[in-house]
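The values are calculated or read from the model by the stated rules, or taken from the named source; none is laboratory data. Values in this document were obtained by computation on a predicted structure and should not be read as measured data. Positions of Cβ are backbone-derived with ideal geometry, glycine not excepted, and every protein chain shown enters the neighbour counts.
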């Protein structure tokens, strides 16, 4: 099942899933690849190609059944279940993320918060208590943590990553501005806002539209 | 100058720049493509290929002069200058971003904050005062805002994007979970944390390593 699927395809699958959820709420029963393409700002051919990685969907001329394709995409993206997440780093970014309603509604449940600041350890965040870094391995094991959101400074990130992976964590959403070294079986998604700003200033600069 | 440069190349250029800055601080004078590759977790051939988009650098067997390549990469990425940024959306994510030290240190200067919440309008954030949404066009024009960080709810995002682009903004860092429609000359970088979590759960699910 693991052929290599491009990251851009996976992003589009997420977009299709959003569109199918919207369409379902609007009471639709079927949708064409053209309509999905429109909502995702891509082409109908691209929609068909993206979906073809995962089997055969829809009927020529009839389109896709919305509920069927939605459930299949939820399976493919692994969001037909709850993922237990630990937030490591309870700073400003961490606290903004903790309150981010979209995570929980998509099945990403924060079950632990860890920070090294003695001022923060013991604080209540909703129903959770901020734990110290020595607790990480125990929390991962006891709570069945599969994903870690890593929002710690760069110099602390690799050590934490190594420890949580050894403890059994399967994937990391990394806010630290370094490339983590983890085994190839552990996916890492980097969130690097400075690099995204640099991509903007690069595009604007290269485009050369001065004023 | 505008051949199409892949997004992955631009991300690696950002990494090379970080490495060159580190190397410069460590007192180095030259660096090989192997060393740059090592620090960026890529290959020496990839380093040479990435840089070849922008001219000829370095000397065979001697490597690159660190200060020269660093300055050139700063020019290429457009970070050899200050970019004026407006933050639209002063919620949790917005406030975390506002305090994010890396932005200012890389030349992205927040010169305006806008929010539609009457409770927030008028509040002081550092040296800035939160402005209402009616002020957006005036702020963009008067302050010379070039980049907008858009951290508003999905339903408000397109309207704001259309208005700031019409007012002269050249690029958008978008936190709203929608695909913005803007002219093709205006680059948009989407930050979609839910989609990044879905990319992780996808990779883990497809990899099939259950327990």
Taking segment A:52-64, which residues are surrounded by fewer than 17 Cβ atoms within 10 Å (Cβ to Cβ) and under 16 Å from residue A:28 (Cα atoms)? A:62
Looking at the structure I just gave you, is residue A:97 crowded, with 19+ Cβ neighbours inside 10 Å, within 11 Å of chain B (Cβ to nearest Cβ) and under 22 Å from residue A:155 (Cα atoms)? yes
Filter segment A:67-94 for residues that are without any contact (Cβ under 8 Å) to a residue 12 or more places away in the chain and crowded, with 19+ Cβ neighbours inside 10 Å and give the result. A:78
Out of A:204, A:136, A:149, report the one residue that is at the interface with another protein chain (Cβ under 9 Å from one of its Cβ atoms), in a helix (DSSP H, G or I) and either touching a helix residue (DSSP H, G or I) at 6+ places or on another chain (Cβ under 9 Å) or more than 19 Å from residue B:201 (Cβ to Cβ) (or both). A:204
Out of A:88, A:82, A:111, report the one residue that is more than 10 Å from every other protein chain (Cβ to nearest Cβ), under 26 Å from residue B:152 (Cα atoms) and at pLDDT 95 or above. A:88
Boolean, residue B:50 is in contact (Cβ under 8 Å) with a residue 40 or more places away in the chain, over 19 Å from residue B:7 (Cα atoms) and either within 22 Å of the chain's Cα centre (by Cα) or outside the structural domain of residue B:108 (by TED's automatic domain parsing) (or both): no
Taking segment B:174-187 and keeping residues closer than 30 Å to residue A:108 by Cβ, facing another protein chain (nearest Cβ under 8 Å) and out of contact with any helix residue (DSSP H, G or I) (no Cβ under 6 Å at 6 or more places or on another chain) leaves B:179, B:181
All but one of (1) over 21 Å from residue A:189 (Cα atoms); (2) over 18 Å from the mean Cα position of the chain (by Cα) hold for residue B:204; state the number of the condition that does not hold. (1)
For segment A:31-43, indicate whether the set of residues that are at the interface with chain B (Cβ under 8 Å from one of its Cβ atoms), more than 20 Å from the chain's Cα centre (by Cα) and part of a loop (DSSP other than H, G, I, E, B) is non-empty. yes
By residue number, the members of segment A:155-192 that are surrounded by fewer than 21 Cβ atoms within 10 Å (Cβ to Cβ), within 19 Å of the chain's Cα centre (by Cα) and outside any loop (DSSP other than H, G, I, E, B) are A:188, A:189, A:190
